[in-house]
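All remarks here apply to the structure that follows.
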Amino acid sequence: MKNFLRADRTQMKEAKSLHLLLLLLPGTLTENSGSTSIEMVVKNRLLNKDPLTYSTEVVYRGILIGAMRRLMNSNADFKFTYSEDPNYGPFLESVNGLAGNEKERTYWELLVKTSDNHILRPDVGIGCYIPNPNEQIIFNFTKW
């Protein structure tokens, strides 16, 4: 019986240590948890419209879809919809009421203009892309 109690006490100490560690983890995640400004640009060259530029913020190491939600909640002029793919995550379907169309072969292309003015196409989508400070996120309505 003593060995059982001793083992039980050891497990309790380990469990308490684990709980303490879990309590400390959120603090480490918030140490650098400031937010940074980014721009989002909505382009539609197919209809020859002027680009619309929006400013918003993203939290430290936050994903793009979080910044998009923040912008949509604070600015009635910016709206977007997406569908959730069980394997690949969020898929951007529409921006400001304009949806891609398979028959017309149109879609919203995600581009990023970096702080050194390079434009790149991320290899991840809105659910995984982590914007860097002062980047310009470009939603480009185009054809494939």
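The values are calculated or read from the model by the stated rules, or taken from the named source; none is laboratory data. Source: prediction; values computed, not measured. Because the Cβ atoms are built from the backbone with ideal geometry, glycine has one as well, and the counts that use them run over all protein chains shown.
Overview of results
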read-out: Check on residue 117, more than 16 Å from residue 45 (Cα to Cα), without any contact (Cβ under 8 Å) to a residue 60 or more places away in the chain and assigned by TED's automatic domain parsing to the domain that holds residue 60; value: yes
read-out: Spans of strands (runs of 3 or more DSSP E) in the stretch 80-144 with at least 2 residues in contact with a strand residue (DSSP E or B) (Cβ under 7 Å, 6 or more places away or on another chain) and surrounded by fewer than 12 Cβ atoms within 10 Å (Cβ to Cβ); value: 80-85
read-out: Search result, residues across the stretch 70-79 that are loosely packed, with under 14 Cβ neighbours inside 10 Å and not charged (D, E, K, R); value: 73, 74, 75, 76
read-out: Hits in the stretch 100-114 - residues which are basic (Lys, Arg) and within 19 Å of the chain's Cα centre (by Cα); value: 113
read-out: Residues satisfying the stated conditions in the stretch 30-79, i.e. assigned to a loop (DSSP other than H, G, I, E, B), within 16 Å of the chain's Cα centre (by Cα) and among the aliphatic types (A, V, I, L, M); value: 63
